[in-house]
Structures are given as C-alpha cells and as structure tokens.
Amino acid sequence: MSEIMMKIIRFYQKYISPMKRPCCRFYPTCSAYCLSAYKKYGFFKGSFLSIWRILRCNPFNKGGYDPLK
C-alpha cells in the first residue's frame, strides 16, 4: 500500500506540481515530507504524518523548516 501512495506522490511531483507556482510554506515540501514518511514508517504511520502535515499547511501557520522525525 505504501508503494502505491509513493507512486501517486511521485506522479504529483512530476506532472502536477510543476504546473503551479511554488507556494509551499514548509521545507522540505509537503510532497517530499510525505514521500519520506511512507519510506520510513510505512502506510499507517506515514499516512497519519502526511495528513497531519497537510492539515498544518494553512495561512495561520508560519511554516519553516519541518523535517521528518
């Protein structure tokens, strides 16, 4: 299941992300963060961390450096 999610993220990074202007408030970007979360923790914890990161990506959060722990 993690492999499928990682393929979806790579598809997004390659084809969809270049079509929009850079606007991520975090470093590394949310897609890179999600990809590394799936690689390191697998499907369930990787999904939880990915969803939590995307929820924090909003106008009320300053963003900044947020590495995977």
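The values are calculated or read from the model by the stated rules, or taken from the named source; none is laboratory data. Keep in mind that what you see is a predicted model, and the values were worked out from it rather than measured. As a convention, Cβ positions derive from the backbone with ideal geometry for all residues, glycine included, and neighbour counts pool all protein chains shown. All accessible areas refer to the heavy atoms of the entire protein, side chains included, with ligands and DNA or RNA removed. Shrake-Rupley method; radii C 1.70, N 1.55, O 1.52, S 1.80 Å.
Structural remarks
- Qualifying residue in the range 30-45 (condition: in contact (Cβ under 8 Å) with a residue 40 or more places away in the chain and not charged (D, E, K, R)): yes
- Residues in the range 14-38 that are closer than 20 Å to Ser2 by Cα and within 12 Å of the chain's Cα centre (by Cα): Pro28, Thr29, Cys30, Ser31, Ala32, Tyr33, Cys34, Leu35, Ser36, Ala37, Tyr38.
- For first residues located in the range 1-14 and touching a residue at least 12 places away in the same chain (Cβ under 8 Å) and closer than 19 Å to Phe48 by Cβ, partners that are among the small types (Gly, Ala, Ser) and loosely packed, with under 15 Cβ neighbours inside 10 Å and lie 6+ apart or on another chain with Cβ distances below 7 Å form the pairs Ser2/Gly42.
- Taken over the range 46-62, the criterion of being within 13 Å of the chain's Cα centre (by Cα) and either more than 15 Å from Ser2 (Cβ to Cβ) or open to solvent by 80 Å² or more (accessible area, probe 1.4 Å) (or both) is satisfied by Phe48, Ile51, Trp52, Arg53, Ile54, Leu55, Arg56, Cys57.
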